[in-house]
1. Whether any residue in segment 176-188 is in a helix (DSSP H, G or I), in contact with a Cys (Cβ under 9 Å, 6 or more places away or on another chain), in contact (Cβ under 8 Å) with a residue 40 or more places away in the chain and among the hydroxyl-bearing types (Ser, Thr, Tyr) is what I want to check.
2. From the residues in segment 178-200 that are within 25 Å of Phe69 (Cβ to Cβ) and aliphatic (A, V, I, L, M), which one is surrounded by the most Cβ atoms within 10 Å (Cβ to Cβ)?
3. Given the condition of a type in the set (Phe, Trp, Tyr), modelled with pLDDT of 80 or more and under 25 Å from the mean Cα position of the chain (by Cα), answer yes or no: does some residue in segment 109-122 qualify?
4. Kindly indicate whether Pro145 is modelled with pLDDT of 90 or more, out of contact with any His (no Cβ under 6 Å at 6 or more places or on another chain) and not in a helix (DSSP H, G or I).
5. Filter segment 1-38 down to residues that are exposed (fewer than 15 other Cβ atoms within 10 Å of the Cβ) and over 21 Å from Gly178 (Cβ atoms), then give me how many there are.
6. Taking segment 11-31, which residues are touching a Leu at 6+ places or on another chain (Cβ under 9 Å) and at pLDDT below 95?
7. Restricting segment 39-55 to residues that are in a loop (DSSP other than H, G, I, E, B) and without any contact (Cβ under 8 Å) to a residue 60 or more places away in the chain, which is surrounded by the most Cβ atoms within 10 Å (Cβ to Cβ)?
8. Does Leu12 fit the bill of being in a helix (DSSP H, G or I) and in contact with a helix residue (DSSP H, G or I) (Cβ under 9 Å, 6 or more places away or on another chain)?
Amino acid sequence: MWSDLLALVWFLLCWVGYTRYAKKRSASEICLASVMHMYRCEWMMQMMYRDNRMSDMSAVSTLERNVSFFASSALLILAGILTLFSYLDQAIVLFSDLPLSVEQTRPQWEAKILLLVVIFVYAFFKFTWSMRQVGFAAVLIGAAPDANDPDIGEAEVRETSERVARVVSMAAHHFNFGLRSYYFALAVLAWFVSPWLFVAATTLVVLVLYRREFHSSALATLMASRSGIN
């Protein structure tokens, strides 16, 4: 039992700690989040000078559909997890035959399933809030003034474009939080086999997330564009 508690504490420390670390570091160093915000600022600046903004609205609609897909998926996964309570005895027997598996009681299994429920409820709230923020961005794009109007000053153009970009970036951050929930939920699956495998899986998830956000080839490619680093 103490090993399960230790594994759970490590899991929470890794999730919360990495989230805080990534947020703090993205404010001062180059990473996917900071580079993509630069691109969004450039996008919204270009949007301000376009007479026809249908392409911008189409891009926002695509973002909204992507977030909506994951929000719907979170609900479907939740339904599947809750259904597992009805087949818990069969699941315990199935996992007991796996290599490295340790003997576990029914209350332990129920606690682990409950953790998965909490994770996907959290993910659902993050995805739906991200979806609403994308909707806010669509409204701001529709309400943005025409930068070609001589009565509109350069300061107002820049301020408006940065405001819309910040809203889109906030939506992206919450979408990212929801995606991280999926990654950490996969680590929880290892807990059904062994608490030590759970610790290893959690550590691996953090390493994968860190590499992708701070040292990935995608980041290097984005940085290679001059417009992305201006």
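The values are calculated or read from the model by the stated rules, or taken from the named source; none is laboratory data. This one's a predicted model, so the numbers in the text were calculated from it and none came from an experiment. Here the Cβ positions follow ideal geometry from the backbone for every residue, glycine too, while neighbour counts run over all protein chains shown.
1. no
2. That would be Ala187.
3. yes
4. yes
5. 8
6. Ala22, Ser26, Ile30, Cys31
7. Within segment 39-55, the match that is surrounded by the most Cβ atoms within 10 Å (Cβ to Cβ) is Arg50.
8. When the stated conditions are applied, Leu12 does not pass them.
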